[in-house]
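The values are calculated or read from the model by the stated rules, or taken from the named source; none is laboratory data. These figures come from a predicted structure and were not determined experimentally. Please note: Cβ atoms are built from the backbone with ideal geometry, for glycine as well, and neighbour counts cover all protein chains shown.
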Amino acid sequence: MMLLLQTDENATWLAPYAYTIVLLGFCFFLFRVFENWYASKYDRPFYRHYFVFRKLKPNQISVLQNEFDFYNLLSKREKRQFQHRISVFLNDKKFVGRGGLEITDRIKTLIAAVGCMLSFGRKNYDYSLINYIIVYPDEFFSKLNDSYHKGEFNPRERALVLSWKHFEEGYQISNDNLNLGIHEFMHAMQLESKNSADIDSTRFSKQFQNILQRLTEQEVKDKLDATQFFRDYAFTNQYEFMAVLAEYFFESPKDFKSHFPEIYDSTKKLLNFRFAGY
């Protein structure tokens, strides 16, 4: 009996720690409830960053400044966030050159920049379904359907595969609504949102359904036929439509908003895109 009493007395020092742990757990639960409520009400996450501390190398920053227009439209604070996200992306993904292509810092930085631009409004921005970025000099033969591709997202291999020639054309020609990087990264984002239940995925699914609903309205159908605004490939299926929509959103935002303001607004909310004048 004395031994049991002694054990109980010695254990009392743990009580304040136990209470603290329970209190912190309860506070975290309340915060998550609030965070979900906020995201549902305002169609955006309560916050996008925990910490911003990673920086790029001077030569990588130079690539962004000289070759990536979107970076130069950001504020100082947003540029730090963008650099941090690119650094995380480069650290997490393995780049593989095929067909004799040598992977350089420039190639890695520009590919990461396109991916991080598309996900810049998201809290979860790391493309968890992608482990490998495989880059060919030009079109490549794909075993997915035994044909030549410019790009593809292969979820089974957790790989994003790109033709560097067509990727470069995508961001260098900024007004033709053809951007291979945006297109393929959007496919990865779509699948991730379909298979996840986080705040970003919930918002993505909600706005995606809003867009699809708009496409069933006769007024929108008639306007699509009359304007021929989106290229034909957009109507292959709903996933290709969303990927093409993202290309138009980034490359022709003013025309997009002018022709289809409701669809533009849903795309903006889907991406939580409140930067660089969009």
Notebook entry, point to check: Of all the helices (runs of 4 or more DSSP H) wholly in the stretch 184-278, which have at least 1 residues that are among the charged types (D, E, K, R), out of contact with any Pro (no Cβ under 8 Å at 6 or more places or on another chain) and farther than 26 Å from Glu169 by Cβ?
Noted result: 199-215, 218-227, 261-271
Note to self: Condition first: touching a Leu at 6+ places or on another chain (Cβ under 9 Å) and touching a residue at least 24 places away in the same chain (Cβ under 8 Å). Can you find one or more residues in the stretch 172-180 that meet it?
What the structure shows: yes
Checklist line | Among (1) surrounded by 15 or more Cβ atoms within 10 Å (Cβ to Cβ); (2) among the polar types (S, T, N, Q); (3) out of contact with any Gly (no Cβ under 8 Å at 6 or more places or on another chain); (4) within 24 Å of Ile130 (Cα to Cα), the one test that Asn179 misses | finding: (3)
Item checked: Tally, over the stretch 190-245, of residues that are buried (at least 18 other Cβ atoms within 10 Å of the Cβ), among the aliphatic types (A, V, I, L, M) and modelled with pLDDT of 90 or more -> 6
Notebook entry, point to check: Looking at (1) crowded, with 16+ Cβ neighbours inside 10 Å; (2) farther than 30 Å from Ser196 by Cα; (3) not basic (Lys, Arg), which is the only condition Asn59 fails?
Noted result: (1)
Next item on the list: Select from the stretch 131-154 the residues that are touching a Lys or Arg at 6+ places or on another chain (Cβ under 7 Å), surrounded by fewer than 17 Cβ atoms within 10 Å (Cβ to Cβ) and either charged (D, E, K, R) or under 13 Å from Leu180 (Cβ atoms) (or both) and list them in ascending order.
Entry: Asp138, Glu139
Note to self: Just the residues that are touching a His at 6+ places or on another chain (Cβ under 6 Å) and at pLDDT 90 or above, please, taken from the stretch 141-160.
What the structure shows: Lys150, Phe153
Notebook entry, point to check: Is it true that some residue in the stretch 180-200 is among the polar types (S, T, N, Q) and under 17 Å from Phe120 (Cα atoms)?
Noted result: yes
Note to self: So Ser128 passes all but one of these: (1) buried (at least 19 other Cβ atoms within 10 Å of the Cβ); (2) under 20 Å from Tyr239 (Cα atoms); (3) in contact (Cβ under 8 Å) with a residue 40 or more places away in the chain. Which condition number does it fail?
What the structure shows: (1)
Note to self: Please count how many residues of the stretch 190-229 are in contact with a Leu (Cβ under 6 Å, 6 or more places away or on another chain) and among the charged types (D, E, K, R).
What the structure shows: 1
Next item on the list: Give the residue, chosen from Gly115, Gly121, that is modelled with pLDDT under 95, crowded, with 19+ Cβ neighbours inside 10 Å, within 16 Å of Met186 (Cα to Cα) and of a type in the set (Gly, Ala, Ser).
Entry: Gly121
